[in-house]
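A.B. asks: One structure coming up, written as structure tokens, with questions to follow.
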Amino acid sequence: MITKFLKHQYRSGTLFYIFYTLGASLVGVWAYYSRNVEVTPKDTPKIAIILWLLWFVSLVVAEIYHIFRWNIILTSSERFLLFSSYKLKPEIFLFGEILYFILDLFLFTIWINLLGAIVGGLEKYISFHFLLIKKLYVSDFYLLIHAPLSFFIIYLWALTLPTYWSTFRRFSKLDYAIISLFVLAIYLNVRLYEFIEKSITSVTMRLIVLLLTDFSIFIALIVFNLKALKKGLDT
């Protein structure tokens, strides 16, 4: 069923992927060869900074697209038709969407690296990354691990609000109060990260605590989404 869901999502988003990847590729190539684009620091290869920026923007665009599609499905009768005669279960619906986003991360990463290898030259592109890995410190590896987790937390938060808005709002008179609680919870989440980073000096312990915190937030958001989806899909 998840495979069928993914096929449906990618088939529905074909035009988005075609136009976005072509447009972003042209922007990346233009930025690399343009003399008007200034890149700092000067000792860092231009192609790497441009591609990393393009990769980050692509992830943000992909997340916005996913939330947009997610909200459309939740507010239409499409959720009853995705699997024809099969009943669409909440866990398949939610984990199918999460897997859809994770696959997009891999596809965007592969695409960006292929673009870098073609534009900058394969040998030069690979040698730069090996040089960068050799210069990384423990704290840099900590950031490389924590950054994707933080981005995925943001994605789960972004999925949660449309889920509530499209399901619970039909059964509750406290819509704006609940939304305010969502905003408060996100604020407390940010403050918690700041407290952990300031109070724990050991990089290893800080990473362990942050991983446990992220895991707890993952579980809480997934449980909430599954309960909300079950209530919405049963109506």
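The values are calculated or read from the model by the stated rules, or taken from the named source; none is laboratory data. Because the structure is predicted, anything quoted here is derived from the model rather than measured. Neighbour counts are summed over all protein chains in view; Cβ atoms, including those assigned to glycine, are modelled from backbone coordinates with ideal geometry. The accessibility values were calculated without ligands, DNA or RNA, using every heavy atom of the protein model including side chains. Shrake-Rupley method; radii C 1.70, N 1.55, O 1.52, S 1.80 Å.
A.B. asks: Ignoring ligands, DNA and RNA, what percent of the 1.4 Å accessible area of region 1-69 is carbon and sulfur?
C.D. replies: Here it works out to 71 percent.
A.B. asks: I've got another one for you. Gain in length, ALA177 to TYR10, computed as 0.36 nm per residue apart minus the alpha-carbon separation, to one decimal in nm?
C.D. replies: 56.6 nm
A.B. asks: Ok, one more. Once you have the Cα-Cα distance between SER199 and PHE218, take 0.36 nm times their residue separation minus that, and quote the gain in nm to one decimal. Kindly include the intermediate steps, with their values, before the conclusion.
C.D. replies: Numbers: separation 19, 0.36 × 19 = 6.84 nm, distance 2.29 nm.
My answer for the length gained is 4.6 nm.
A.B. asks: Between VAL57 and LEU192, what FRET efficiency follows from the Cβ-Cβ distance if R0 is 35 Å, with the result rounded to 0.05?
C.D. replies: 0.80
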